[in-house]
Amino acid sequence: MRKQIGLLTLGLALGVPGIATAAEPEESGAGASAEVSLGGGNASGSADSTSREATQDVYMGAEVSRVASSFEDDDIFDIHFGVGYDFMFKRAAILREWNTGMDGDTRNRLVKDLMYRQMRHTVTPTIEIGLWHDLAVYLTLPVILSDSRDYSFDQRVDDCVFGESANATCTNKDNSTTIRDGIIPRDGFDATSSSAPFTQFTGSGTELIFRGPQRRGLDQLHVGVKYGILNQKKRSHMPNWIVAGEGRFAVGRAQSLRRDIVNSDPSGNSRVGRRVHEIGAWTSLSRRYRFLDPYFMGFWRAALRAGDSNFQDFSTFGQQDTILPQSKAGMTIGSEIVPFERKSRNIKMSVDLSGSAQLNYGGRAYSEIWELLADSPSLAGSFNPTETCDRQASLDFAAANPGDPGYLAAGGGSCQAFEGITEVQDFGTFGFKAGINLHLSQYFRMSMGTRITSDTRHFVSFAKRGDAAGGADDDRVEPGTSEVNPMRRDVIDNVGRRYAVDDVLNIDVFLRLLATF
């Protein structure tokens, strides 16, 4: 008996698998790491403090290994509450295809046009409930407190050269192609000035030319279920492995932009909802080794149109080949570095470093230029290609009556407003995150840091002309027939006039608080 007691004591001290770790409770938490927008909060799960005192070599796991667990021997029920705050700043260069128009010049160039800027403040409450051993359901509801966008002429270089030549290095009212094509008026538009939105940027030297409305509200509710297939605490030689299914459901009304704000107050000008559902799955793997806890995360989400969406389907009138919003797939690879840890008191500080890659593919989007295009008389048209709309008449009316929605009637009964959503070329998003995770006690955790991402250059007005198959000429899309793509607008979709986005810088500063019970 004394020998058996001695062996058991030695096993507890050394942490022999099957003796000490078999009784160790699993990690618990409130969802996947929000740093890669996979749902939930950002702190790792709790563990029973008495067991930790008995087993000093079992480490608290990485943030991505967190899952609430209930009906364990020493933990009947887990519920986690979290709240996060994000400030996002985004800047991008808006480019435009251009040609000098001179004889013999067949070169199609991408030239500077505008600079895009966006700022958003978001508060995100989360809750996760353990249903069974390593099985949990979670809900996340991002609340957008403020979202604003503006556009200015691209004058980033010190010594600007203006003009229509290929040597121009800056843009202004005289050489901006957006002004040239009447997409916005020469004196711009300010959606925050309801009394005089078309006279705020009248100066010849102004840089700012378009300011969007202040938006706030809800976009999506995230609901997911996740299961910990493997748990390093229960099997010390195995990694932590979580698989999850997640749905992001549109709950906010569709955002839009209308320029008639002097005589009316369009409700869509203050909304942030995209009316997009997303259905997908994600997984995470991590394994702690001494002071390092490397991890991997991967996800995929397919996008679907929700009811009352501005992602409209006009395929019954013409050859609209792209209807759905863009889908996404991506991965994150990183590691937590743990310079300080007191396992007996559930205290830990870790530095979280990671890199991410995401593919945005196969659809349409509210791109960086959507507010510029929305309700622009230059894009007035019919969504039935067999009907005609006099675009020039709409432009002439709008020039004489800024903001008057009568520009649609001036172009004919078939004219309809453009909502700003465009077909977007597939593109990649690459990022780096640096953060600090603090386990303050068994019940409270905090994470903070920043994430920086950038997109590859891509076209944001990319609609095809249509499909000529079955018509009079199989090699040519016949104008005025159902062969035409009803969403195409030549002023932005013709080769030589398309818009592109480049030099994207997206900075997200975040703070997460989590309570686990």
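Rule-based calculations on the coordinates, nothing more; no lab input. Keep in mind that this is a model prediction, so the values were computed, not measured. Quick reminder, even Gly has a Cβ in these numbers, built from the backbone with ideal geometry, and neighbours come from all protein chains shown.
What the table shows:
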read-out: Given charges at Cβ of Lys, Arg, Asp, Glu: the chain dipole, positive-most of Ala357, Tyr295, Tyr151; value: Tyr295
read-out: Length added when fully stretched, Leu511-Thr169, from 0.36 nm per residue minus Cα-Cα; value: 119.2 nm
read-out: Point-charge dipole on Cβ atoms (K/R +1, D/E -1) for the chain, about Cα centre, debye to 20; value: 1680
read-out: Segment Gln214-Thr456, length gained on full extension (0.36 nm per residue, minus Cα span); value: 84.4 nm
read-out: Peptides ranked, highest mean first, by Cβ atoms within 10 Å: ranges 398-405, 245-252; value: 245-252, 398-405
read-out: Cut-off 12 Å between beta-carbons: net charge of the residues surrounding Ala468, Lys and Arg +1, Asp and Glu -1; value: -3
read-out: Charge context of Arg391, other residues only, Cβ under 12 angstrom, K/R +1, D/E -1; value: -3
read-out: Computed FRET value (nearest 0.05) for Asn494 with His121, which takes r as the C-beta separation and R₀ as 41 Å; value: 0.60
read-out: Integer Hz, Karplus 6.51/-1.76/1.60 couplings in order for region 179-192, x for Gly and Pro; value: 5, 4, 8, x, 5, 10, x, 4, 9, x, 8, 10, 6, 8
read-out: For region 389-460, the Rg and Dmax computed from alpha carbons only, in angstrom; value: 24.6, 69
read-out: Distance between modelled label sites at Asp74 and Asp265, nm, 7 Å Cα→Cβ extension; value: 5.9
read-out: Sequence-distant lysines (8 or more away, or on other chains) whose Cα lies within less than 25 Å of Lys173; value: Lys90, Lys112
read-out: Interatomic Cα distance distribution for region 200-305, bins of 5 angstrom, percent; value: 2, 10, 12, 12, 10, 10, 9, 9, 8, 6, 5, 4, 2, 1, 0
read-out: Virtual spin-label span in nm between Ala399 and Asp308, 7 Å along Cα→Cβ; value: 3.8
read-out: Packing-based ranking, highest mean first, of 364-371, 422-429 given that Cβ atoms within 10 Å are counted; value: 364-371, 422-429
read-out: Where labels lie 7 Å past Cα in the beta-carbon direction, separation of Ser193 and Glu341 in nm; value: 5.8
read-out: Lys, Arg +1 and Asp, Glu -1 on Cβ, resulting dipole of region 345-465 about Cα centre, debye, nearest 20; value: 1000
read-out: Share of pairwise Cα separations in region 73-126, more than 17 Å, in percent; value: 68
read-out: Cβ-Cβ FRET estimate between Thr100 and Gln392, R0 fixed at 35 Å, reported to 0.05; value: 0.90
read-out: Rounded to whole Hz, the Karplus (6.51, -1.76, 1.60) HN-Hα couplings of region 242-248, x for glycine and proline; value: 10, 10, 8, x, 9, x, 10
read-out: Counted charge near Pro213, where neighbours are those whose Cβ lies closer than 14 Å (Asp, Glu -1; Lys, Arg +1); value: +1
read-out: Total charge dipole magnitude, region 352-410, about the Cα centre, Cβ charges on Lys, Arg, Asp, Glu only, Debye to nearest 20; value: 160
read-out: Cys with no candidate disulfide partner in the chain (beta-carbon separation under 4.7 Å rule); value: none
read-out: Share of Cα-Cα pairs in region 147-214 lying beyond 17 Å, as whole percent; value: 43
read-out: Semi-axes of the equivalent ellipsoid for region 452-496, Cα gyration tensor, largest first, Å; value: 29, 10, 8
read-out: For Arg259, distant residues with modelled amide H under 5 Å away; value: none
read-out: Region 352-391 - convex hull of the alpha-carbon atoms, volume per residue in Å³; value: 101
read-out: Among Pro385, Tyr85, Ala166 - extreme Cα towards positive end, dipole of the chain, charges at beta-carbon; value: Tyr85
read-out: Table column - 3J(HN,Hα) (Hz), region 451-465, Karplus curve with 6.51, -1.76, 1.60, x for Gly and Pro; value: 10, 10, 10, 8, 9, 6, 4, 7, 6, 10, 10, 9, 6, 6, 5
read-out: Positive-end residue, the chain charge dipole about Cα centroid, Cβ charges, pick of Ile507, Met102, His133; value: His133
read-out: Added length on full extension, which subtracts the Cα-Cα distance from 0.36 nm per residue, Ile129 to Leu438; value: 109.1 nm
read-out: Proximal aspartates and glutamates relative to Lys343, as straight alpha-carbon distance under 16 Å, when same-chain residues fewer than 8 apart are discounted; value: Glu24, Glu26, Glu27, Asp48, Glu53, Asp57, Glu63, Asp293
read-out: 0 to 90° range, to nearest 10: angle between helix 2-14 axis and the chain longest Cα axis; value: 20
